[in-house]
Amino acid sequence: MSTQEQYHDSAEKHVSGESVYINDIDGGSRMLHGYVLYSKLAHAKINSIDVSKAKAFEGVHAVLTANDIPGQNQMGPVVHDEVCLANNEVTFVGQAIALIAAENEDIARAAANQIKIDFEELPAILTLDEAIEKGEMIGTPRIIERGNIKEGLANSRHRLKGTLTTGAQEHWYLETQSCLCVPGEHKEMNVFSSTQHPSETQAIVAEVLGVPRNEVVVEIRRMGGAFGGKETQANHVAAWSALLAYHTKKPVKIHLFRDDDQIMTGKRHPFKSTYEIGFNDDGRINAYQIELNANAGSATDLSMAILERAVFHADNAYFIPNISVVGKAWKTNLASNTAFRGFGGPQGMAVIENAVDRVAQFLKKDPAEIRYINFYGLTDKNTTHYEQLVENNRLFTIYDQLIDSSEYFQRRKAITDFNAKSKYVKRGLALTPVKFGISFTTSFLNQAGALVNIYQDGTVLVNHGGTEMGQGLHTKMLQVAASELGVTPQHIKVNATNTSKVPNTSATAASSGSDLNGMAVKNAIDKLRTRLTPLAAKLLSQKFNASVSESSIAFENDKVFDRNSPSNSIKFTELISAAYLNQISLSATGFYKTPDIHFDKTKGRGKPFHYFAFGMAVSEVEVDTLTGHYQNIRTDILHDAGKSINENIDLGQVEGAFIQGVGWCTTEVIKWNDKGHMLNHSPDTYKIPSVQDIPKDFRVELLKDAPNPNTIKQSKAVGEPPFMLAFSVWLAIKDALAAVADHNIDFDYELPASNEVILKVARELCKGNE
Ligand code: MTE
Ligand code: MOS
């Protein structure tokens with residue numbers, strides 16, 4: 001099997017059911033089940049909590065409130081504004097108030113019902129509009145500007161103004177938030193947490209327990225999906241189960257019930273953005289002014305970083321000489337919103353993509369042509385609003401190939417003909433590009449570590465700081481180790497991620513898991529090879545009675561040989577036993593930090609990204625304007641994954657991200673009632689994509705011959721960028737709707753384009769037609 005065909009390292013285990021998730025770990029007969037009692041009120045003062053009845057309940061081992069926290073009552077990951085357990089106030093529906101450890105979940109729930117809390121309801125802010133009106137801002141505005149926006153707008157031949165709202169999105173990881181904590185001796189705590197960020201989970205558990213970090217070990221084999229939802233918010237369940245384990249001195253597991261998970265955890269930030277776009281007769285954008293407003297929920301969490309990424313991506317793929325981007329985050333009485341695939345990028349890009357569509361309709365031109373003429377240039381017009389050079393720009397290559405392979409213009413004509421004959425069923429087509437910056441925008445986070453052990457039998461154990469959530473990171477790391485060490489994959493194992501093996505890691509996020517950890521693994525293996533090479537030269541020289549120089553030693557296919565006479569080889573295992581006898585260390589750590597990235601927040605200038613990922617999609621949909629139903633007829637995607645380490649995994653990432661994006665853009669609606677209760681907290685009312693949402697004809701390809709300089713094996717990050725290709729579906733629906741009024745009426749659009757929204761727009765346009 002070539003390494004390109006390397007299966008996902010969990011594939012067989014998933015199929016056979018052997019894969020171990022937190023809930024599959026045997027906590028032993030002493031294990032207790034943790035349960036979290038949360039607020040049903042969006043904002044209230046807590047006058048008193050009486051847990052006496054719950055404590056007396058048979059089978060209950062502990063009932064804890066804020067007063068029982070030995071360390072800090074705090075789990076805010078960046079800003080300390082998020083209590084672990086509500087103290088004298090609750091600020092959203094779903095906020096944890098008390099914890100119960102019991103012999104089973106039923107007992108814990110029954111005991112929770114016995115807890116008496118005296119609340120005094122307070123006014124709650126539940127919408128972005130209200131938060132803006134009341135000035136409830138979180139952090140300070142983020143601003144990036146270039147050129148002169150006032151003059152730019154004034155000098156533009158045409159101007160369009162608008163507002164766009166984009167909705168929340170539930171992560172819907174199949175494995176809900178889970179953690180098992182096993183207390184060790186004295187202050188030790190072993191934490192098995194479904195977390196994207198083991199080092200932060202370790203830090204929060206240590207802080208809550210009031211113990212140093214060297215007493216806490218966090219381990220994660222794999223998550224059953226995360227999508228950003230376990231970047232910070234896995235810490236919560238970890239902190240709660242650690243508290244219960246600490247007090248009971250028994251293993252305690254918390255595995256959130258689906259509805260509770262949906263109610264208690266944050267979502268993708270809903271945004272409301274206002275903009276004005278100035279352009280000329282040819283469709284060139286001359287000026288763009290945008291204010292992005294994020295609904296942060298009740299605490300900061302990652303909101304500021306998410307807002308920053310939205311601000312960085314407000315341009316998407318377009319060069320705009322005069323641009324002003326302002327981002328603001330607002331506080332509401334909802335669960336704190338958090339990371340979700342794309343991390344603010346989708347919210348920033350949606351606005352310009354919709355605006356460009358309006359420009360096209362205004363000028364009666366094809367939107368693809370307007371997009372094309374505004375793309376970042378290859379030799380000029382090639383710096384972003386924060387003045388990063390757009391290097392290795394692949395927009396034109398992708399555009400040319402995709403326009404061709406999707407037969408865009410032929411189909412455009414066919415659709416126009418179809419729509420002329422079809423009164424109620426309309427078809428629409430859209431091409432949308434993605435340019436997505438790769439790196440954590442907080443520069444110091446771009447670091448990773450690894451620990452590679454070779455054992456005496458020649459087998460290899462790779463530890464790295466990244467976590468597996470289904471995206472195939474461990475498989476890619478296995479492939480990197482295999483090729484760098486010249487050992488076949490069956491002799492290599494990638495270990496569960498463990499903070500005692502690789503410390504001080506960053507979250508596996510920002511799509512940079514393989515970029516960062518791949519380089520760290522390579523660095524560790526480089527060290528091992530440097531140690532082993534002199535011995536290899538000596539052994540080969542002795543065995544074949546030749547003079548073999550160290551510089552010609554090669555490691556390949558479980559063999560070590562002289563490149564000048566490859567038949568003179570010894571087995572890798574032979575070299576390793578000799579190395580052990582020669583007292584050579586067979587274990588090495590690796591480290592990597594992304595070079596040359598920096599960003600000055602006050603000036604709004606710098607090079608925040610190591611490089612950009614590019615992709616494009618063309619989607620065709622059919623909309624029934626009488627029911628609001630739409631069907632995706634065909635999607636063509638061409639995505640740039642550099643020189644892919646594993647094409648099947650990358651194709652899976654592109655398909656999965658796209659479909660997840662389609663969910664956000666079309667069917668996934670979250671509403672809250674006037675008490676702050678979420679109305680869509682289970683799969684019967686919250687519609688993630690189903691088989692029907694997959695394009696009937698789905699053609700996904702990776703861009704060929706596209707090695708990426710200065711990355712592991714010339715690959716490119718792929719986890720998030722294709723999410724935003726779903727705009728092609730969202731705007732194809734808009735295109736179909738516009739056909740109702742022969743593309744003559746400009747109308748307000750929103751995201752998601754749910755059946756309800758489609759129907760509403762169709763009705764309005766019909767009226768306009770009468
Ligand atoms: N793919 C699967 N199957 N499950 C996930 O939870 N998360 C996405 C993406 N792909 C996710 C996924 C998100 S939000 C990110 S940031 C990246 O994977 C993280 O992994 P990477 O950096 O290794 O690409
Ligand atoms: Mo991904 S949203 O960066 O975890």
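How many residues are under 21 Å from L256 (Cα atoms), of a type in the set (A, V, I, L, M, F, W, C) and not in a strand (DSSP E or B) if we restrict to the stretch 19-61? Walk me through it before giving the result.
First pass over the stretch 19-61, keeping only residues under 21 Å from L256 (Cα atoms): 19-42, 54, 59-61.
If we keep only those that are of a type in the set (A, V, I, L, M, F, W, C) too, we end up with 20, 22, 25, 31-32, 36-37, 41-42, 54, 60.
Cutting the leftovers down to not in a strand (DSSP E or B) gives us 20, 22, 25, 31, 41-42, 54.
Residues meeting the conditions: 7.
Restricting the stretch 357-381 to residues that are of a type in the set (A, V, I, L, M) and touching a residue at least 60 places away in the same chain (Cβ under 8 Å), which is nearest to T163 (Cα to Cα)? Write out each step before concluding.
Narrowing the stretch 357-381 to residues of a type in the set (A, V, I, L, M): 359-360, 363, 368, 370, 373, 378.
Checking which are touching a residue at least 60 places away in the same chain (Cβ under 8 Å) leaves us with 359-360, 363, 368, 370, 373.
Values: V359: 14, A360: 17, L363: 20, A368: 22, I370: 20, I373: 24 Å.
In this case the residue turns out to be V359.
Counting only residues that are within 16 Å of ligand 2 (Cβ to nearest atom), modelled with pLDDT of 95 or more and over 20 Å from F340 (Cβ atoms), give me the helices (runs of 4 or more DSSP H) lying completely in the stretch 168-272 with at least 1 of them.
Numbers: elements: 198-209, 234-248, 258-264.
The helices (runs of 4 or more DSSP H) meeting that bar are 198-209.
I need the full set of residues from the stretch 686-713 which are in contact (Cβ under 8 Å) with a residue 12 or more places away in the chain, away from ligand 1 (no atom under 16 Å from the Cβ) and part of a helix (DSSP H, G or I), in order please.
Q692, D693, listed by residue number.
Restricting attention to the stretch 401-458, report how many residues are of a type in the set (G, A, S), in a strand (DSSP E or B) and over 13 Å from A736 (Cα atoms).
Initially, the stretch 401-458 is screened for residues of a type in the set (G, A, S), giving 405-406, 414, 420, 422, 428, 430, 437, 439, 443, 448-450, 458.
Next, only the ones that are in a strand (DSSP E or B) stay: 428, 430, 437, 448-450.
Those left that are additionally over 13 Å from A736 (Cα atoms): 437, 448-450.
Summing the residues that are of a type in the set (G, A, S), in a strand (DSSP E or B) and over 13 Å from A736 (Cα atoms) in the stretch 401-458 gives 4.
Results for (1) surrounded by fewer than 24 Cβ atoms within 10 Å (Cβ to Cβ); (2) over 23 Å from the mean Cα position of the chain (by Cα), shown as yes or no for each residue.
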{"residue": "T300", "(1), (2)": "yes, no"}
{"residue": "S303", "(1), (2)": "no, no"}
{"residue": "L307", "(1), (2)": "no, no"}
{"residue": "F312", "(1), (2)": "no, no"}
{"residue": "F319", "(1), (2)": "yes, yes"}
{"residue": "A339", "(1), (2)": "no, no"}
{"residue": "G345", "(1), (2)": "no, no"}
{"residue": "G348", "(1), (2)": "no, no"}
{"residue": "E353", "(1), (2)": "no, no"}
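If you scan the stretch 504-523, which residues turn out to be away from ligand 2 (no atom under 12 Å from the Cβ), in a loop (DSSP other than H, G, I, E, B) and crowded, with 24+ Cβ neighbours inside 10 Å? It would help to see each step written out before you state the result.
Restricting attention to the stretch 504-523, the residues satisfying the condition of being away from ligand 2 (no atom under 12 Å from the Cβ) are 504-505, 514-523.
If we keep only those that are in a loop (DSSP other than H, G, I, E, B) too, we end up with 504-505.
Selection gives T505 alone.
Run G719 past the list (1) within 16 Å of ligand 1 (Cβ to nearest atom); (2) more than 30 Å from H43 (Cβ to Cβ); (3) part of a helix (DSSP H, G or I) and report the number of the one that doesn't hold.
Here G719 meets the rest and fails (3).
For the stretch 135-152, enumerate the residues that are under 31 Å from the mean Cα position of the chain (by Cα) and either of a type outside the set (D, E, K, R) or within 18 Å of D674 (Cβ to Cβ) (or both).
Start the filter on the stretch 135-152 by keeping residues that are under 31 Å from the mean Cα position of the chain (by Cα), which leaves 135-146.
Within the stretch 135-152, G135, E136, M137, I138, G139, T140, P141, I143, I144 meet the criteria.
Condition test on A111, is it buried (at least 22 other Cβ atoms within 10 Å of the Cβ) and closer than 26 Å to E89 by Cβ? Give the steps one after another, and end with the answer.
Working: buried (at least 22 other Cβ atoms within 10 Å of the Cβ): yes; closer than 26 Å to E89 by Cβ: yes.
Taking the combined requirement at face value, the residue satisfies it.
Is at least one residue of the stretch 571-591 within 24 Å of the chain's Cα centre (by Cα) and either closer than 25 Å to E219 by Cβ or away from ligand 2 (no atom under 16 Å from the Cβ) (or both)? Write out each step before concluding.
Taking the stretch 571-591 and keeping what is within 24 Å of the chain's Cα centre (by Cα), we get 591.
Keeping just the survivors that are either closer than 25 Å to E219 by Cβ or away from ligand 2 (no atom under 16 Å from the Cβ) (or both) gives 591.
Yes: the stretch 571-591 contains one or more residues that are within 24 Å of the chain's Cα centre (by Cα) and either closer than 25 Å to E219 by Cβ or away from ligand 2 (no atom under 16 Å from the Cβ) (or both).
Are there any pairs with C-beta distances below 8 angstrom linking a residue in the stretch 412-440 that is more than 20 Å from V356 (Cα to Cα) to a residue that is basic (K, R), with the two at least 6 apart or on different chains, and if so which?
Sorted first by the residue in the stretch 412-440, then by its partner, the pairs are I415/R427; F418/R427; N419/K426; N419/R427; G437/R309; I438/K716.
Consider the stretch 662-684. How many of its residues are free of Cβ contacts under 8 Å to residues at least 12 places away in the same chain and either within 16 Å of ligand 1 (Cβ to nearest atom) or within 24 Å of the chain's Cα centre (by Cα) (or both)?
Filtering the stretch 662-684 for residues free of Cβ contacts under 8 Å to residues at least 12 places away in the same chain gives 671, 673, 679, 684.
Cutting the leftovers down to either within 16 Å of ligand 1 (Cβ to nearest atom) or within 24 Å of the chain's Cα centre (by Cα) (or both) gives us 671.
Total meeting the criteria: 1.
The values are calculated or read from the model by the stated rules, or taken from the named source; none is laboratory data. As the structure is a prediction and not an experimental result, all values here were calculated from the model. Note that we place each Cβ from the backbone using ideal geometry, even for glycine, and neighbour counts take in every protein chain shown.
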